[in-house]
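Structure record follows, encoded as structure tokens.
Any read-out appearing in this document is the output of simple, stated calculations on the displayed coordinates, not a laboratory observation. Not measured: the values here are computed from a predicted model. Counting neighbours? That spans all protein chains shown, and the Cβs are built from the backbone with ideal geometry, glycine included.
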Amino acid sequence: MQAVFQDTVIAESDDTVVVEGNHYFPEETLRHEHLRPSSTTSRCPWKGKAGYYTVEVDGVVNPDAAWTYPKPSFLARRIKGHVAFWNGVEVRPAPQAPR
């Protein structure tokens, strides 16, 4: 899977975790030069407190377009160390490598 913004791949992994229809990418697969921590937070009743990132590519800013659960609840422990995307970031299958 890939997360793409402004025709730039900002995350790519063949090992995402899908929760509630969202692909959570392992942190080590992110292109951190395109992510900036945000002060925004939210709370999910079963996952816990989320923190957000602003996504930026070539000067185009997409506030709070990525989120993570730094200390997820026990029920959501599979997404610890993972980041999901929305709001203008396209999450799509990665192209197949030529054989």
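Listed values, structure above:
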{"item": "Size of electric dipole in the chain: Cβ of Lys, Arg +1 and of Asp, Glu -1, about Cα centre, debye, nearest 20", "result": "580"}
{"item": "Karplus (6.51, -1.76, 1.60) ³J(HN,Hα), θ = phi - 60°, over segment 6-13, in Hz, Gly and Pro reported as x", "result": "6, 6, 10, 6, 9, 7, 8, 7"}
{"item": "Nonlocal amide H pairs with A50, under 5 Å, H built at 1.01 Å", "result": "S42, R43, C44"}
{"item": "Contour excess over end-to-end distance, with Cα ends at E28 and V9 and 0.36 nm allotted per residue", "result": "5.5 nm"}
{"item": "Hz values of 3J(HN,Hα) by residue in segment 53-60 - Karplus curve (6.51, -1.76, 1.60), Gly and Pro given as x", "result": "10, 8, 9, 9, 9, 6, x, 8"}
{"item": "Euclidean distance between Cα centres, segment 35-99 to segment 8-26, Å", "result": "9"}
{"item": "Nonlocal amide H pairs with V19, under 5 Å, H built at 1.01 Å", "result": "Y24"}
{"item": "Highest-MSF residue in the chain out of R43, R78, R31 [GNM, Cα springs under 10 Å]", "result": "R43"}
